[in-house]
Amino acid sequence: MRKLRRPEIALNSNHHPVSKKSPHTKRPDDSAPAYNARLAPINARLGQDEQIAFYRDMVRIRRFEERCLRAYQQGKIGGFLHLYIGQESLAVGCCSVMSKQDHIITAYRDHGHALGVGMSMNELMAENYGKYTGCSKGKGSSMHYFDPSRHFWGGHGIVGGQIPLGIGIAFALKYKGVKGACMAFMGDGAVNQGAVHESYNLAALWDLPVVFVIENNGYSMGTSQARSSAGPSLAQRAEGYGMSWDISENGHDVLEVRDKVSQALKRAHEEHKPTVLEIRTYRSRGHSIADPDTTYREKHEIEEYKRTKDPIMVYQNTLVAEGVLNDELIAKIDESARAEAETSAQFADQSPFPTVEDIKKDVYWETDNPADRKSVGTLFFD
Amino acid sequence: MPVITYREALRHAMAEELDRDPNVLIMGEEVGQFNGAYKVTEGLLAKYGEKRVIDTPISEAGFIGLGIGASMLGLRPVMELMFFSFYSVAFDQIFNNAANMRYMSGGLINCPIVIRGPANGGTNVGATHSHTPESIAAYHPGIKVVVPSNGYDAKGLLKSAIRDNDPVLFMENTMLYGDTCEVPAEEYLIPLGSAKVMREGTDLSIIGHGRTIQMALKAAQTLEEKHGIKAEVIDLRSIRPLDEETILASVRKTNRVLLVEEAKPFCSVSAMIACIIQEKAFDHLDAPVRRLTSMDAPAIYCPPLEKEQLPTPQKIFTAALEVLK
Ligand SMILES: Cc1ncc(C[n+]2csc(CCOP(=O)(O)OP(=O)(O)O)c2C)c(N)n1
Ligand SMILES: [Mg+2]
């Protein structure tokens with residue numbers, strides 16, 4: 001199997017450990033030009049419209065999340081709310097390179113991915129409000145969004161639990177002869193679940209078209225990567241399974257994310273080979289709304305990220321410098337994202353809740369399709 | 001007597017046992033530096049240090065299994081599951097290893113481990129985080145299951161669980177963590193397997209465990225105020241071992257039974273108790289045993305409907321009137 005070589009880049013940010021040099025990585029010689037995601041094939045011929053679309057999609061996620069936060073504070077949303085603020089470049093970058101045959105699955109921090117595949121703010125906000133017009137009829141919650149029609153398989157609350165499903169989707173694609181792949185997202189905390197390691201082995205053993213995307217934001221709840229994960233880097237664990245791996249050090253750069261994930265998807269499409277892709281990022285907010293975010297990281301660390309690496313700010317600066325964006329357009333995009341988020345909150349507010357009768361629907365396929373029922377006997381007990 | 005919260009009562013139990021026995025240790029996700037996702041273990045790391053209060057990665061099968069293995073050598077790990085729902089990630093370790101170890105070794109090995117955490121719905125955390133697995137756990141011979149409904153019991157039962165030589169699954173409730181009651185500062189133990197008559201009555205027995213006991217007490221109050229009905233409320237406290245005698249004595253006294261629990265109805269604790277009652281006290285029944293459980297579906301997120309899915313004092317009140325019809 002072809003191993004991916006990657007340059008060793010020491011991080012200057014303070015939240016990720018600096019990767020130790022691995023025997024499998026080579027330092028590029030000094031004469032080689034520095035890596036530039038902009039020159040990557042996937043990014044080299046981007047039109048202005050596409051660039052603006054990436055920017056707009058990140059802004060839409062940000063404004064949606066801010067509106068969710070407000071709704072939570074107003075008591076409109078219950079349970080857990082895990083915001084994607086600070087990580088927008090990952091969902092947008094990854095979703096922007098999906099082909100029509102590709103699929104994705106992720107954990108509970110799923111708002112960015114859902115918007116990334118084109119789900120509407122209305123159905124997502126309504127789900128958060130527990131309304132019948134929500135993508136899961138108000139049954140799932142913010143953590144459990146789904147839209148199979150857009151190849152989005154959730155939204156999963158159990159850390160690491162979605163990863164075996166992700167390789168199952170990849171298995172089914174290969175089995176059916178579809179030239180598609182599954183991107184299976186997880187956090188830096190999820191990599192320590194046994195199910196993830198079992199999935200790595202199965203994917204490598206059976207050559208499954210899957211990209212394991214580790215969204216490494218440095219923390220699993222209040223636990224830093226250094227306090228939870230052994231080994232030099234999370235992605236490098238792939239070596240034990242003979243799997244290709246790569247690290248996107250600058251996950252805040254939507255173009256770098258696009259380049260890295262498109263390489264991994266290419267490997268999946270063309271060779272049916274899995275990849276572990278670790279994308280370094282940061283969450284600008286607490287783990288969930290309930291996290292006071294005061295005990296496990298320094299305020300200046302958060303401020304530093306927001307000041308220097310906020311994905312929207314970074315891309316905005318780039319596009320302004322390139323003359324693609326100007327103040328007027330920026331304001332227009334922002335205004336429309338805010339309006340869209342506000343409309344979604346109104347939509348959610350005005351939508352009906354499911355009914356008591358709905359509680360027992362969507363449990364069994366057979367009771368939802370009584371005409372086709374083949375089993376006999378009692379399914380529900382009271 | 002000091003009035004403290006349910007969560008403080010649990011913490012005091014752990015602290016007293018940490019003080020008493022150097023083999024006791026606390027382990028789980030975010031139990032140390034973060035002071036516990038629900039702050040049950042707050043301050044324990046500062047007081048007892050990293051050797052005895054240990055943060056784990058998110059690896060339930062691994063660290064629960066590790067705790068079971070360590071208990072085989074005589075340590076007494078008190079393992080926190082951030083949500084009891086995550087027990088399913090460690091299912092094999094708990095139900096194949098801990099439950100069977102003593103049996104398969106012909107009594108050579110025992111596993112004095114406690115696995116504790118909140119097992120409840122009602123906080124809109126969705127189907128993956130709202131499991132109430134007490135019947136699934138208690139199904140397994142070799143496993144003990146304890147479900148305290150208040151802070152006083154929580155402390156006395158947790159201390160007994162830690163000293164117990166068998167694996168104990170100790171199921172708490174996030175909705176009770178903030179409840180307060182009088183809890184002695186000095187040491188006391190409540191033996192596992194002893195139910196408690198929370199309110200005496202003669203007209204019917206309401207039997208349950210966990211948070212539904214708090215609801216049953218409210219319903220019993222209303223029954224008395226509105227209809228002069230005297231309901232006896234029995235808190236099982238421990239599912240396995242089960243205090244059959246207290247249950248049966250109450251049935252013989254009131255002749256009518258309403259069983260309440262937060263779990264789903266199929267193969268649940270109340271189903272087992274209904275069976276025991278008809279086997280051992282059939283002649284004392286004046287009416288069929290009734291049950292009030294959650295509605296039989298995965299936990300819905302929708303906040304107002306989750307309330308509908310779960311038992312409430314009002315529903316218990318109505319069901320009690322049915323039993324008395
Ligand atoms: C099996 C399981 N254990 C624990 C939890 C509680 N929990 C939810 S999120 C989380 C942290 C996960 O961190 P990470 O994987 O880095 O993802 P992030 O939140 O940073 O996106 C924990 C411990 C859970 N949901 N499932
Ligand atoms: Mg993380």
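The values are calculated or read from the model by the stated rules, or taken from the named source; none is laboratory data. Since the model is a prediction, treat every value here as computed from it, not as a measurement. Here Cβ is always computed from backbone atoms with ideal geometry, including for glycine, and neighbour counts include all displayed protein chains. Calculation scope for accessible area: heavy atoms of the full protein, side chains included, ligands and nucleic acids excluded. Shrake-Rupley method; radii C 1.70, N 1.55, O 1.52, S 1.80 Å.
Exactly one of (1) in contact with a helix residue (DSSP H, G or I) (Cβ under 9 Å, 6 or more places away or on another chain); (2) open to solvent by 10 Å² or more (accessible area, probe 1.4 Å); (3) within 14 Å of chain A (Cβ to nearest Cβ); (4) more than 23 Å from B:Ile143 (Cβ to Cβ) is unmet by B:Gln309. Its number?
(2)
From the set of residues in the stretch A:143-173 that are near ligand 1 (Cβ under 9 Å from one of its atoms) and among the hydrophobic types (A, V, I, L, M, F, W, C), which is farthest from the chain's Cα centre (by Cα)?
By that ranking, first place goes to A:Ile158.
Kindly indicate the residue of the stretch A:299-308 that is away from ligand 1 (no atom under 16 Å from the Cβ) and in contact (Cβ under 8 Å) with a residue 12 or more places away in the chain and also nearest to A:Ile333 (Cα to Cα) among those meeting that condition.
If we take residues in the stretch A:299-308 being away from ligand 1 (no atom under 16 Å from the Cβ) and in contact (Cβ under 8 Å) with a residue 12 or more places away in the chain, then A:Lys306 is nearest to A:Ile333 (Cα to Cα).
Could you count how many residues in the stretch B:124-142 are more than 16 Å from B:Met272 (Cα to Cα) and more than 9 Å from chain A (Cβ to nearest Cβ)?
Going through the stretch B:124-142, the residues more than 16 Å from B:Met272 (Cα to Cα) turn out to be B:124-131, B:142.
Applying the additional criterion that residues be more than 9 Å from chain A (Cβ to nearest Cβ) yields B:130-131, B:142.
Looking only at that region, the number is 3.
Run down A:Gly79, A:Gly75 and say which single residue is among the small types (Gly, Ala, Ser) and touching a helix residue (DSSP H, G or I) at 6+ places or on another chain (Cβ under 8 Å).
Of the residues listed, the single one that is among the small types (Gly, Ala, Ser) and touching a helix residue (DSSP H, G or I) at 6+ places or on another chain (Cβ under 8 Å) is A:Gly79.
Which of the residues belonging to the stretch B:177-224 are out of contact with any helix residue (DSSP H, G or I) (no Cβ under 9 Å at 6 or more places or on another chain), surrounded by fewer than 19 Cβ atoms within 10 Å (Cβ to Cβ) and not in a loop (DSSP other than H, G, I, E, B)?
Of everything in the stretch B:177-224, just one residue is out of contact with any helix residue (DSSP H, G or I) (no Cβ under 9 Å at 6 or more places or on another chain), surrounded by fewer than 19 Cβ atoms within 10 Å (Cβ to Cβ) and not in a loop (DSSP other than H, G, I, E, B), namely B:Glu224.
Go through the stretch B:75-92 and give me each residue that's over 13 Å from B:Val114 (Cα atoms) and either of a type in the set (Ser, Thr, Tyr) or open to solvent by 30 Å² or more (accessible area, probe 1.4 Å) (or both).
Of all residues in the stretch B:75-92, those over 13 Å from B:Val114 (Cα atoms) come to B:82-83, B:85-86, B:88-92.
Residues satisfying the conditions are B:Ser85, B:Ser88, B:Val89, B:Phe91, B:Asp92.
Taking B:Thr56 as meeting all but one of (1) open to solvent by less than 20 Å² (accessible area, probe 1.4 Å); (2) away from ligand 2 (no atom under 16 Å from the Cβ); (3) within 11 Å of chain A (Cβ to nearest Cβ), write down the number of the exception.
Checking B:Thr56 against (1) open to solvent by less than 20 Å² (accessible area, probe 1.4 Å); (2) away from ligand 2 (no atom under 16 Å from the Cβ); (3) within 11 Å of chain A (Cβ to nearest Cβ), the one that fails is (2).
Select the helices (runs of 4 or more DSSP H) contained entirely in the stretch B:1-95, then report the ones holding at least 2 residues which are of a type in the set (Val, Ile, Thr).
Numbers: elements: B:6-20, B:44-48, B:60-72.
Because the criterion is at least 2 residues that are of a type in the set (Val, Ile, Thr), the helices (runs of 4 or more DSSP H) in the stretch B:1-95 that meet it are B:60-72.
How about the stretch A:345-364: which of its residues are open to solvent by 80 Å² or more (accessible area, probe 1.4 Å) and away from every other protein chain (no Cβ under 14 Å)?
Step one: of the stretch A:345-364, the residues open to solvent by 80 Å² or more (accessible area, probe 1.4 Å) are A:346, A:350, A:353, A:357, A:361, A:364.
Within the stretch A:345-364, A:Gln346, A:Gln350 qualify.
What's the total number of residues in the stretch A:202-245 that are modelled with pLDDT under 95 and among the aromatic types (Phe, Trp, Tyr)?
0
Taking the criterion of being more than 16 Å from ligand 2 (Cβ to nearest atom), within 14 Å of another protein chain (Cβ to nearest Cβ) and open to solvent by 40 Å² or more (accessible area, probe 1.4 Å), would at least one residue in the stretch B:99-109 satisfy it? Working first, answer last.
Our first condition is that a residue be more than 16 Å from ligand 2 (Cβ to nearest atom); within the stretch B:99-109, this holds for B:99-109.
Within this subset, residues satisfying the condition of being within 14 Å of another protein chain (Cβ to nearest Cβ) are none.
Looking through the stretch B:99-109, none of the residues is more than 16 Å from ligand 2 (Cβ to nearest atom), within 14 Å of another protein chain (Cβ to nearest Cβ) and open to solvent by 40 Å² or more (accessible area, probe 1.4 Å).
Can you pull out the residues in the stretch A:213-233 that are within 10 Å of ligand 2 (Cβ to nearest atom) and either farther than 20 Å from B:Ala37 by Cβ or of a type in the set (Phe, Trp, Tyr) (or both)? So that I can check it myself, show each step before the final result.
Let us first name the residues in the stretch A:213-233 that are within 10 Å of ligand 2 (Cβ to nearest atom), namely A:214-221, A:223-225, A:228.
Correct list: A:Ile214, A:Glu215, A:Asn216, A:Tyr219.
Of (1) assigned to a helix (DSSP H, G or I); (2) within 16 Å of ligand 2 (Cβ to nearest atom); (3) closer than 27 Å to A:Ala53 by Cα; (4) β-branched (Val, Ile, Thr), A:Val191 satisfies all except one. Which?
A:Val191 satisfies all of (1) assigned to a helix (DSSP H, G or I); (2) within 16 Å of ligand 2 (Cβ to nearest atom); (3) closer than 27 Å to A:Ala53 by Cα; (4) β-branched (Val, Ile, Thr) except (3).
Would it be correct to say that B:Phe84 is modelled with pLDDT of 95 or more and within 11 Å of another protein chain (Cβ to nearest Cβ)?
In short, no.
Return a yes/no flag: does the stretch A:282-292 have any residue that is more than 16 Å from ligand 1 (Cβ to nearest atom) and of a type outside the set (Lys, Arg).
Filtering the stretch A:282-292 down to residues more than 16 Å from ligand 1 (Cβ to nearest atom) leaves none.
For the stretch A:282-292, residues more than 16 Å from ligand 1 (Cβ to nearest atom) and of a type outside the set (Lys, Arg): absent.
Search the stretch A:174-218 for residues being among the polar types (S, T, N, Q) and within 16 Å of ligand 1 (Cβ to nearest atom), and hand back the single one that is nearest to the other protein chains (Cβ to nearest Cβ).
Initially, the stretch A:174-218 is screened for residues among the polar types (S, T, N, Q), giving A:192-193, A:199, A:201, A:216-217.
Pick out the ones that are also within 16 Å of ligand 1 (Cβ to nearest atom) and you get A:192-193, A:199, A:216-217.
Working: A:Asn192: 4, A:Gln193: 6, A:Ser199: 14, A:Asn216: 14, A:Asn217: 14 Å.
Per the stated criteria, the residue is A:Asn192.
Of the residues A:Gly231, A:Gly286, only one is part of a loop (DSSP other than H, G, I, E, B), at positive phi and of a type outside the set (S, T, N, Q); which? Outline the logic, then answer.
Numbers: A:Gly286 fails: at positive phi.
None of the others qualify; the one that does is A:Gly231.
For the stretch A:41-64, check the following and say yes or no: at least one residue is under 18 Å from B:Val125 (Cβ atoms) and either within 16 Å of ligand 2 (Cβ to nearest atom) or among the charged types (D, E, K, R) (or both). Steps first, please.
So in the stretch A:41-64, the residues under 18 Å from B:Val125 (Cβ atoms) come out as none.
No, the stretch A:41-64 contains no residue that is under 18 Å from B:Val125 (Cβ atoms) and either within 16 Å of ligand 2 (Cβ to nearest atom) or among the charged types (D, E, K, R) (or both).
Considering the stretch B:14-34 alone, what residues qualify as being within 11 Å of chain A (Cβ to nearest Cβ) and crowded, with 19+ Cβ neighbours inside 10 Å?
Step one: of the stretch B:14-34, the residues within 11 Å of chain A (Cβ to nearest Cβ) are B:29-34.
The answer is B:Glu29, B:Glu30, B:Val31, B:Gly32, B:Phe34.
Answer yes or no as to whether B:Gly121 is within 17 Å of the chain's Cα centre (by Cα), of a type in the set (Gly, Ala, Ser), surrounded by 23 or more Cβ atoms within 10 Å (Cβ to Cβ) and part of a strand (DSSP E or B). First the steps, then the outcome.
On the way: within 17 Å of the chain's Cα centre (by Cα): yes; of a type in the set (Gly, Ala, Ser): yes; surrounded by 23 or more Cβ atoms within 10 Å (Cβ to Cβ): yes; part of a strand (DSSP E or B): no.
Taking the combined requirement at face value, the residue does not satisfy it.
Given the condition over 13 Å from the mean Cα position of the chain (by Cα) and either among the basic types (Lys, Arg) or buried (at least 24 other Cβ atoms within 10 Å of the Cβ) (or both), answer yes or no: does some residue in the stretch A:104-116 qualify? It would help to see each step written out before you state the result.
Filtering the stretch A:104-116 down to residues over 13 Å from the mean Cα position of the chain (by Cα) leaves none.
No, there is no match, as no residue in the stretch A:104-116 is over 13 Å from the mean Cα position of the chain (by Cα) and either among the basic types (Lys, Arg) or buried (at least 24 other Cβ atoms within 10 Å of the Cβ) (or both).
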